[in-house]
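Worksheet: one structure, shown below.
The values are calculated or read from the model by the stated rules, or taken from the named source; none is laboratory data. This one's a predicted model, so the numbers in the text were calculated from it and none came from an experiment. Cβ coordinates were reconstructed from backbone atoms using ideal geometry, including for glycine residues, and neighbour counts include every protein chain displayed. Surface accessibility is based on the protein's heavy atoms, side chains included, excluding ligands, DNA and RNA. Shrake-Rupley method; radii C 1.70, N 1.55, O 1.52, S 1.80 Å.
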Amino acid sequence: MYRKGPKPKPPKGCLWIEGAAEYLGFEPNTLRKWRLTGKDKAQGMPSFKVGGYVAYKVSDLDAYLESQYQAAVTPDSDRAHEFRPPEPRLSRKPARTAA
């Protein structure tokens, strides 16, 4: 869709989709795909439209980043096996006896 004139400023406390993507370290197309598939709402970052432009609240983006950080640093009981040292390999050959 072609619009005449410069892009307006986003509402207070919000970013347009391009700014939100830069804020999160993503490509804008990633957020566009997430928006189309509903993953943005599932991740806690609901988007909304203002004058035909897609906007995200900065507070929602901060909450998403915090949840990602907490998921990375909090040990999960389901992932506990990832932190165990590998078990020793058992040999299939019979042990040699000393002569």
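Quick notes on this one:
- Subset tally (residues that are open to solvent by 70 Å² or more (accessible area, probe 1.4 Å) and either free of Cβ contacts under 8 Å to residues at least 24 places away in the same chain or touching a His at 6+ places or on another chain (Cβ under 8 Å) (or both)) for region 19-42: 11
- Of all residues in region 1-18, those that are open to solvent by 80 Å² or more (accessible area, probe 1.4 Å) and either under 15 Å from Ser59 (Cβ atoms) or among the polar types (S, T, N, Q) (or both) total 1.
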